[in-house]
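Let me begin by presenting the structure, written as structure tokens, before commenting on it.
The values are calculated or read from the model by the stated rules, or taken from the named source; none is laboratory data. For clarity, every value in this text was computed on a predicted model and none was experimentally measured. Cβ atoms come from the backbone with ideal geometry, glycine included; neighbour counts cover every protein chain shown.
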Amino acid sequence: MTDASHTSHATDATDATDATDAAREPRVAPALARTGPRDRFGRVIDYLRISITDRCNLRCVYCMPLEHPDLAEDDHLLTAGEIETLVRCATAIGFRKFRLTGGEPTLRRDLVEICRRVSRVPGVEDLAMTTNAVRLPELAVDLRAAGLRRVNVHIDSLDAVTLPRMMRLGRSERLLAGIEAAERAGLTPIKLNVVVARGMNDHEVADLARLTVERDWHVRFIELMPLGSSAEARLSVTHFVSNVDTRRRVEAALGALEPLPIANASDESDNFRVAGARGVVGFISPVSNPYCGGCNRMRLTADGRFHLCLLNDDEMDVRAALRSGRPAAARREAVRAILLRAVAGKPTGHRLDAGLHTRGRRMHQIGG
Ligand code: SAM
Ligand code: SF4
């Protein structure tokens with residue numbers, strides 16, 4: 001097993017000209033670019049989550065196998081230039097919000113360059129990243145300077161014994177150091193993602209929520225989702241905890257939570273405040289209270305395929321179009337067309353209630 005930093009070996013040769021060409025190119029569909037594309041159900045899809053690697057240094061029990069993970073070949077990962085081209089195509093049709101994820105995005109040696117290139121694309125209004133924070137102490141300042149706005153940090157426990165039971169190769173003090181570094185660098189608001197698993201960290205949810213009393217952080221409890229058809233998917237079912245129970249535990253310890261007004265209709269988190277607290281307690285409940293109706297997102301897998309809904313298997317390849325060798329304008333037109341088809345093809349929602357879920361992918365390949 002290796003958790004070495006890496007970058008893709010695919011060539012960036014044609015990408016240098018893409019930015020200048022694209023800047024000269026007239027906006028393809030001005031009305032579309034203003035409003036964002038709508039899917040068949042009338043949802044505006046203007047948020048692209050880009051998995052920039054499927055490698056990870058922690059290998060959480062519900063996400064990625066400890067040994068022999070199914071990883072994309074190096075040259076199947078998109079290059080920084082290809083990611084920039086893709087973001088240019090997405091903004092041209094109205095995408096505004098972007099997130100880098102993985103696997104662990106900080107394992108890409110060219111992460112700072114990716115942030116710089118993406119954040120400078122006209123039309124990018126928000127660039128965030130989801131990370132396990134291990135490498136943030138050395139990266140946070142450079143990432144902020146490169147245009148990254150904020151981070152969501154995944155941390156399932158504050159306890160030195162509990163944390164590695166879930167985030168296998170993680171150490172709580174290293175994750176906390178990464179969170180502090182992100183805050184110092186201004187990658188705020190800091191949002192913490194806590195996946196809750198029965199018999200693992202469910203006894204600790206009140207302690208995690210209590211962090212928001214003193215700190216201006218968002219602590220968001222996430223329900224386990226089954227992805228793949230192996231041990232991770234089974235564990236996500238056997239150790240599932242409903243956020244109804246998590247909220248009950250938090251309130252039993254900290255008192256009734258005050259509901260906060262909905263600031264953003266596509267926020268998947270139901271947000272609350274502990275009385276008198278500085279931060280926010282959130283509940284992300286894809287299983288017990290699906291938010292598919294407000295979905296505004298498209299996902300790109302690490303190996304360059306649009307994944308139309310996190311909990312379905314439908315995908316559309318875009319890597320081949322990026323690498324077709326055709327003139328830059330024709331390539332961009334093809335990429336935009338695939339992205340519009342992907343938006344149009346989004347399913348109405350997941351079918352977990354019917355026992356259906358993503359079989360062909362694990363979470364580390366899609367990015368959460
Ligand atoms: N490595 C980064 C991290 O852990 O935040 C980014 C990628 S990770 C796949 C994105 C998010 O997916 C994590 O923050 C974690 O909360 C969530 N996640 C992973 N596996 C999950 C599962 N089976 N069910 C629910 N959430 C999961
Ligand atoms: Fe790695 Fe994030 Fe998956 Fe954990 S959840 S194994 S940190 S990609």
### Task
State the number of residues belonging to segment 147-178 that are closer than 30 Å to Glu125 by Cα and within 12 Å of ligand 1 (Cβ to nearest atom).
8
### Message
Exactly one of these conditions fails for Ser288: (1) under 25 Å from Arg43 (Cα atoms); (2) touching a strand residue (DSSP E or B) at 6+ places or on another chain (Cβ under 8 Å). Give me its number.
### Response
(2)
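If I filter segment 66-79 for residues that are polar (S, T, N, Q), away from ligand 1 (no atom under 16 Å from the Cβ), modelled with pLDDT of 95 or more and closer than 30 Å to Arg174 by Cβ, do I get at least one hit?
Start the filter on segment 66-79 by keeping residues that are polar (S, T, N, Q), which leaves 79.
Cutting the leftovers down to away from ligand 1 (no atom under 16 Å from the Cβ) gives us 79.
Still in the list and also modelled with pLDDT of 95 or more: 79.
Going one step further and asking which of them are closer than 30 Å to Arg174 by Cβ, we end up with 79.
Yes: segment 66-79 contains one or more residues that are polar (S, T, N, Q), away from ligand 1 (no atom under 16 Å from the Cβ), modelled with pLDDT of 95 or more and closer than 30 Å to Arg174 by Cβ.
Which residues, taken from segment 182-210, are among the aliphatic types (A, V, I, L, M) and surrounded by 20 or more Cβ atoms within 10 Å (Cβ to Cβ)? Let's see the steps before the verdict.
At the first step, the residues of segment 182-210 found to be among the aliphatic types (A, V, I, L, M) are 182, 185, 187, 190, 192, 194-197, 200, 205-206, 208-209.
Those that are among the aliphatic types (A, V, I, L, M) and surrounded by 20 or more Cβ atoms within 10 Å (Cβ to Cβ): Ala182, Leu187, Ile190, Leu192, Val194, Val195, Val196, Ala197, Met200, Val205, Leu208, Ala209.
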### Query
From the list Arg59, Arg117, Arg88, Arg55, which residue is basic (Lys, Arg), more than 16 Å from ligand 1 (Cβ to nearest atom) and over 16 Å from Leu148 (Cβ atoms)?
Arg88
### Task
Those residues that are more than 13 Å from ligand 2 (Cβ to nearest atom) and β-branched (Val, Ile, Thr), I need them from segment 43-88; list them, please.
Val44, Ile45, Ile50, Thr79, Ile83, Thr85, Val87
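Table: residues versus (1) aromatic (Phe, Trp, Tyr); (2) touching a strand residue (DSSP E or B) at 6+ places or on another chain (Cβ under 6 Å); (3) within 16 Å of ligand 2 (Cβ to nearest atom).
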{"residue": "Met225", "(1), (2), (3)": "no, no, yes"}
{"residue": "Ala231", "(1), (2), (3)": "no, no, yes"}
{"residue": "Ser236", "(1), (2), (3)": "no, no, yes"}
{"residue": "His239", "(1), (2), (3)": "no, no, yes"}
{"residue": "Asn243", "(1), (2), (3)": "no, yes, no"}
{"residue": "Arg248", "(1), (2), (3)": "no, no, no"}
{"residue": "Ala252", "(1), (2), (3)": "no, no, no"}
{"residue": "Ala256", "(1), (2), (3)": "no, no, no"}
{"residue": "Leu260", "(1), (2), (3)": "no, yes, no"}
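The rows are residues; the columns are (1) modelled with pLDDT of 95 or more; (2) touching a helix residue (DSSP H, G or I) at 6+ places or on another chain (Cβ under 6 Å); (3) assigned to a loop (DSSP other than H, G, I, E, B); (4) among the acidic types (Asp, Glu).
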{"site": "Ser236", "(1), (2), (3), (4)": "no, no, no, no"}
{"site": "Val250", "(1), (2), (3), (4)": "yes, yes, no, no"}
{"site": "Ile262", "(1), (2), (3), (4)": "no, no, yes, no"}
{"site": "Phe272", "(1), (2), (3), (4)": "yes, no, no, no"}
{"site": "Phe283", "(1), (2), (3), (4)": "yes, yes, no, no"}
{"site": "Gly293", "(1), (2), (3), (4)": "no, no, no, no"}
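Out of everything in segment 122-136 that is under 20 Å from Thr35 (Cα atoms) and either in contact with a Leu (Cβ under 9 Å, 6 or more places away or on another chain) or of a type in the set (Asp, Glu) (or both), what residue ends up being nearest to ligand 2 (Cβ to nearest atom)? Steps first, please.
Step one: list which residues in segment 122-136 are under 20 Å from Thr35 (Cα atoms), which gives 122-127.
Of the ones still in play, those that are also either in contact with a Leu (Cβ under 9 Å, 6 or more places away or on another chain) or of a type in the set (Asp, Glu) (or both) are 125-127.
Values: Glu125: 25, Asp126: 21, Leu127: 19 Å.
Result: Leu127.
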### Message
Anything in segment 213-238 that is within 11 Å of ligand 1 (Cβ to nearest atom), in contact with a Leu (Cβ under 7 Å, 6 or more places away or on another chain) and of a type in the set (A, V, I, L, M)? List them, or say none.
### Response
Met225, Ala233
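Surrounded by fewer than 20 Cβ atoms within 10 Å (Cβ to Cβ), within 17 Å of the chain's Cα centre (by Cα) and more than 16 Å from ligand 2 (Cβ to nearest atom): which single residue out of Gly325, Gly276, Gly294, Gly282 fits that description? Give the steps one after another, and end with the answer.
On the way: Gly325 fails: within 17 Å of the chain's Cα centre (by Cα); Gly276 fails: within 17 Å of the chain's Cα centre (by Cα); Gly282 fails: surrounded by fewer than 20 Cβ atoms within 10 Å (Cβ to Cβ).
So the residue among Gly325, Gly276, Gly294, Gly282 that is surrounded by fewer than 20 Cβ atoms within 10 Å (Cβ to Cβ), within 17 Å of the chain's Cα centre (by Cα) and more than 16 Å from ligand 2 (Cβ to nearest atom) is Gly294.
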### Query
Residues of segment 169-214 being under 18 Å from Phe240 (Cα atoms), in a loop (DSSP other than H, G, I, E, B) and in contact with a strand residue (DSSP E or B) (Cβ under 8 Å, 6 or more places away or on another chain), which ones?
Val196, Asn201
### Query
Does Arg165 fit the bill of being surrounded by fewer than 22 Cβ atoms within 10 Å (Cβ to Cβ), under 30 Å from Asp202 (Cα atoms) and not polar (S, T, N, Q)?
yes
